[in-house]
Amino acid sequence: MPGLVVAGVWLDNAMRTGDYFLTMLETGPVVLKSLGEDELDQTRAWANAPELQRLILRSGQVAPEDQRLWFERLRADKTRLVFAVFEHGRHVGNTGFYHIDSTHERAEFWILLGRDGSRGRGLGKAVLGLMLEHGFGALGLNKIFLHVGEGNLPAKRLYERFGFRQEALLREHYLIEGARVNVLGMSLLRSEYHGEK
Ligand SMILES: CC(C)(COP(=O)(O)OP(=O)(O)OC[C@H]1O[C@@H](n2cnc3c(N)ncnc32)[C@H](O)[C@@H]1OP(=O)(O)O)[C@@H](O)C(=O)NCCC(=O)NCCS
């Protein structure tokens with residue numbers, strides 16, 4: 001079990017078993033902190049990078065004013081948690097839960113390691129491990145689900161490592177730079193979660 005550092009503020013309408021909003025999770029050199037103003041420019045640059053858009057299933061460009069609006073809404077939205085990922089104090093990516101549903105105890109996971117040199121050396125495993133501990137632990141989730149492009153092998157491998165199973169194939173679900181992309185729906189239940197395999 002990775003160590004969790006809790007530095008939270010109280011929420012009046014949080015998840016059933018986790019009545020606080022964790023602002024920091026950490027394991028070794030990897031720290032997740034609630035996304036802040038300082039990380040917004042870098043976040044927008046990654047969201048607009050063509051080589052990353054294919055992997056995160058995005059198209060189009062985010063303008064500064066759109067991002068400002070997104071961030072303001074995010075801060076008031078209890079169904080979304082977004083963390084900046086730091087390694088040795090350097091911002092290397094972002095991760096989060098969207099569609100946090102306290103009635104059905106589920107949420108959608110996503111991750112983007114955007115900084116060059118950050119991928120393919122175990123960081124994804126560290127981040128997903130922290131997020132699963134947080135999701136199934138403090139947030140009280142029963143199910144964590146995600147969407148991944150059929151051809152995104154590092155991401156698929158990462159999710160399978162932690163026991164995620166495919167439960168859907170969404171055919172030609174996205175159109176990214178003229179290419180239609182099949183997407184897998186994958187999920188992990190609390191009863192199946194035993195850490196990294
Ligand atoms: C997907 C992502 C989070 C994975 O994190 P990572 O730090 O690069 O991956 P890790 O080093 O932790 O490796 C995870 C697994 O993928 C495997 N892997 C890494 N690169 C790979 C590649 N190019 N091809 C196949 N498998 C690969 C690793 O070997 C490891 O499996 P193993 O434990 O069986 O050896 C990261 O690459 C990323 O953010 N990519 C860009 C955005 C993205 O694709 N997000 C996910 C959208 S669903």
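No lab work stands behind these numbers, since they all come straight from the coordinates. Quick caveat, the model's predicted, so the values are computed rather than measured. Neighbour counts run over all protein chains shown; Cβ positions are idealised from the backbone, glycine included.
Among rounded, prolate and oblate, which fits the stretch 105-190 when a ≥ b ≥ c are the square roots of the eigenvalues of its C-alpha gyration tensor, a/c under 1.5 means rounded, and a/b larger than b/c means prolate? Note, shape of the stretch 105-190 comes out oblate.
Each Lys or Arg adds one and each Asp or Glu takes one away; over the other residues whose Cβ falls under 9 Å from the Cβ of residue 186, this sums to 0. Going from the residue with the fewest nearby Cβ atoms within 10 Å to the one with the most, 79, 43 rank 79, 43.
In the chain, the DSSP-assigned H stretches of four residues or longer account for a calculated mean residue ellipticity at 222 nm of -7500 deg cm²/dmol, using -39500 (n - 2.57) per stretch and the full residue count as denominator. For residue 35, the residues 5 or more places off, or on other chains, whose built amide H falls under 5 Å of its own are 82, 83, 84. Rg and Dmax over the alpha-carbon atoms of the stretch 32-120 stand at 13.2, 39 Å. Contact order for the stretch 9-146, expressed relative to its length and based on alpha carbon pairs under 8 Å spaced 6+ residues apart, stands at 25 percent. For the chain, what does the alpha-carbon gyration tensor say about shape, rounded, prolate or oblate, given a ≥ b ≥ c as the root eigenvalues, a/c under 1.5 as rounded, and a/b over b/c as prolate? It comes out rounded by the Cα gyration axes.
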